[in-house]
Amino acid sequence: MEMELHLSNDAPLLHSVQAFIRSTLNEVGLPTATVIGLEKLVGELITHTVDHAYPNGEQGAVIIKVHESNGKFELTIRDDGAPQDIKKLEAELSQGPIDLPSLRNAIKTGILDEMHWSALGPNGKALHLIKWLHDKSVQDNDSKQLSNDEPLAPEQDYVVRKSRPEEALQISQLIYRIYGNTYFNEDLYYPERVATQHANGKVLSIIAADQEGHLAGHCALEFNDAGPVAEVGQAAVDPRHRGRGLLNQMKDALDKEAQHIGLAGWYADSVTVHIYTQKSNAHHGGHICGVGLGVSPKNESFAGIAKELSQRVSCVIYFHWVREPAERKIFIAERHQQIVSEIYENLGCPVQFGTAAPANQAHGTLSIKVNPRAHFAAIHVTTLGQDTVQNIRRAARELIELSHVEALVVELPLENPGTPDACEALEQHGFGFTGIGPHFTTLGDVVKLEYLVESLEKDPIKVFEPFADRLVDYALNEQKRVRESM
């Protein structure tokens, strides 16, 4: 669901707005008390926006956007008025002189689950109000994390197949039993969110069931990117059933699903806390194309493998071709052409380098995804413009200062001749090369750059293949180089 209202600040039609909000909230199934509370709150916010967003006598728009996806209901109120101190506005949500007590108490009373401001530069500012439709977590029931000394289950045959809607609860319980409350994808703790994502085609899950029908393993295709690829993630094998090849069997099943769907390939972020998932991806013919430095928090636990981590968790990115790769022409800074050549050779993909040129349009476009639980964010550049670097810098500053992001990835389109200049400009601000993402956009491949708030050490990063070691060294050296040049 996605709807948008544009109002004039001189005649905001408050009653019509409240009726729109009321009917929308009733449609998504929120409790009556929540509907009434949000309806009242939105009315107050519209009035406040009209009174404060624009100077007296100045006309302007107030935009109300409603978006619901996978159980997350988000209502955004935006204006194009004068820029404001976003830090101050954020602080006033919980303390300070803001004259909206119902907003300040919205989370305490359960009307909202999250709220935050965002600065939109020349496009004004926006207040985001978030309510989760599904808030029953497996952490609230009798599930418990498995201990390291759980005895192995008897040898048996397993059934590997697509998950069923009624197994969402078991998926959530399996994640909790293995990772405790540390898994960075919070949605997996909420069975209704899991079921909704499956029903909406955002996730395709494969499970391994034991002889009693209980879940012994889980793995999924996650459709997070615009291009014809999917990420294989959410991998979990019950320690009582490890050592029986279940992860490989589930990946075989996922590979068949990827072929059936018509994907160009799939990729997996293999953690470097251990080498087991790296070995599994190598076994399946995966090709290393990059690393993800510090993409998960260091409090993430791995039952039976590792609990105490000295730094954020890094990954090796494996790409698996579903269809034969075609030669492509890409544009990358000369400094990185040697390592990029090695990556494409490792991918078994022919490539030629084009000549760099300035971005040919004034304004670019980008999208931002934030994982608050992991303190991680990704900026995907969909269209490269002359203002792209400036917009990335502004977004990065706000993500780090306001959202407390500790690791930030930027993806630039390799088919654009302006990418080398953008890459070098971002390196001057602490972003370092980490790899390539084949088919991550509808137009082709991306180069991945990363900014880390805290530097990482090499010793805790365990890798399985020599080329992974080569890429980790390169990425860490780049982090050191760009930091020293700032």
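Only the coordinates and a few stated rules stand behind these numbers; no lab work does. Computed from a predicted model, the values in this text were never measured in an experiment. Ideal geometry is used to build each Cβ from the backbone, glycine not excepted, and the neighbour counts take in all protein chains shown.
Here are the numbers:
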{"read-out": "Listed residues Val17, Ala119, Gln259: farthest to the positive end of the dipole of the chain (Cβ charges)", "value": "Gln259"}
{"read-out": "Likely footprinting exposure, Met3, Met115, fewest C-beta neighbours within 10 Å first", "value": "Met3, Met115"}
{"read-out": "Nitroxide proxy distance, nm - points 7 Å out along Cα→Cβ at Asp113 and Met486", "value": "3.3"}
{"read-out": "Residue order, fewest to most surrounding Cβ atoms within 10 angstrom, among Val232, Val50", "value": "Val50, Val232"}
{"read-out": "Separation between Cα centres of region 382-458 and region 308-330, rounded to whole Å", "value": "16"}
{"read-out": "Shape call, region 328-484: gyration tensor on alpha carbons, a/c limit 1.5", "value": "oblate"}
{"read-out": "Residue (of Gln311, Leu476, Asn26) at the positive-pole extreme of the chain, dipole from beta-carbon charges", "value": "Gln311"}
{"read-out": "Cα-derived Rg to Rh of region 173-242, Kirkwood definition", "value": "0.97"}
{"read-out": "Calculated SAXS-style log₁₀ I(q)/I(0) at q = 0.27 Å⁻¹ - region 328-405, Debye, Cα scatterers", "value": "-1.10"}
{"read-out": "Approximate spin-label separation Asp459-Thr365, in nm, with each point projected 7 Å along Cα-to-Cβ", "value": "4.8"}
{"read-out": "Selection from Leu152, Asn200, Ile171 lying farthest towards where the dipole of region 138-263 points positive, charges on Cβ", "value": "Asn200"}
{"read-out": "In Å, descending, principal axis extents of the Cα set of region 401-468", "value": "36, 36, 21"}
{"read-out": "Equivalent ellipsoid semi-axes, region 245-361, via Cα gyration tensor eigenvalues times 5, rooted, Å", "value": "30, 21, 12"}
{"read-out": "Proxy reagent accessibility, fewest Cβ within 10 Å first, across Tyr183, Tyr451", "value": "Tyr183, Tyr451"}
{"read-out": "Diffusion constant of region 138-263 at 4 °C, which comes from Stokes-Einstein with the Kirkwood Cα-pair radius and 1.567 mPa s, µm²/s", "value": "87"}
{"read-out": "Distance histogram in 10 Å bins (all Cα pairs of the chain, percent per bin)", "value": "4, 18, 27, 25, 18, 7, 1, 0"}
